[in-house]
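Remarks on the structure that follows.
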Amino acid sequence: MAQLNIFYDVESLNSSYVEISAYSQGKNTEKTLPKGESAKNMGKNDLWIAATAHSLQANLITTDKDFLHLDNVFFKVHYVEQR
């Protein structure tokens, strides 16, 4: 059976978590929310998902609109409408 090994930098993951959380809450001094967009409180699980995608430089495919404000800021978000 094939084995898949994924290695990641814990410091990068933690930094991504903090940066995305601050951005979402409108408290990131380096990346600010677009004018007219309000701050959002992301759930902890969503923050870890976003931080993982960012630290791995991956795209995020989701049915959850809670990630849309991160599109093209930290990674590409591909939103899939549920039917």
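A short reminder: the numbers here are calculations on the coordinates, not readings from a lab. Since this is a predicted model, take the numbers as computed values, not measurements. Using ideal geometry, Cβ is built from the backbone for each residue, glycine included, and neighbour counts are taken over all protein chains shown.
The simple spin-label model puts a point 7 Å past each Cα toward its Cβ; for LYS40 and SER15 those points are separated by 2.4 nm. Counting only lysines at least 8 places from LYS35 when in the same chain, those with an alpha carbon closer than 16 Å to its own are LYS27.
Across region 63-78, rounded Karplus estimates of 3J(HN,Hα) from the backbone phi angles (6.51 cos²θ - 1.76 cosθ + 1.60, θ = phi - 60°) give 9, 9, 6, 5, 9, 4, 5, 9, 4, 6, 9, 10, 6, 7, 9, 10 Hz, Gly and Pro being marked x. Across the chain, the relative contact order, built from alpha-carbon pairs under 8 Å that are at least six residues apart, equals 25 percent. A straight Cα-to-Cα reach below 20 Å connects LYS76 with the aspartates and glutamates GLU19, GLU30, GLU37, ASP46, ASP64, ASP66, residues fewer than 8 places away in its own chain not being considered. Principal axis analysis of the Cα atoms in the chain yields extents of 51, 38, 20 Å, listed in decreasing size. Residues considered: ASN28, ASN45, ASN59. Largest GNM mean-square fluctuation over the chain, using C-alpha springs under 10 Å, is found at ASN45.
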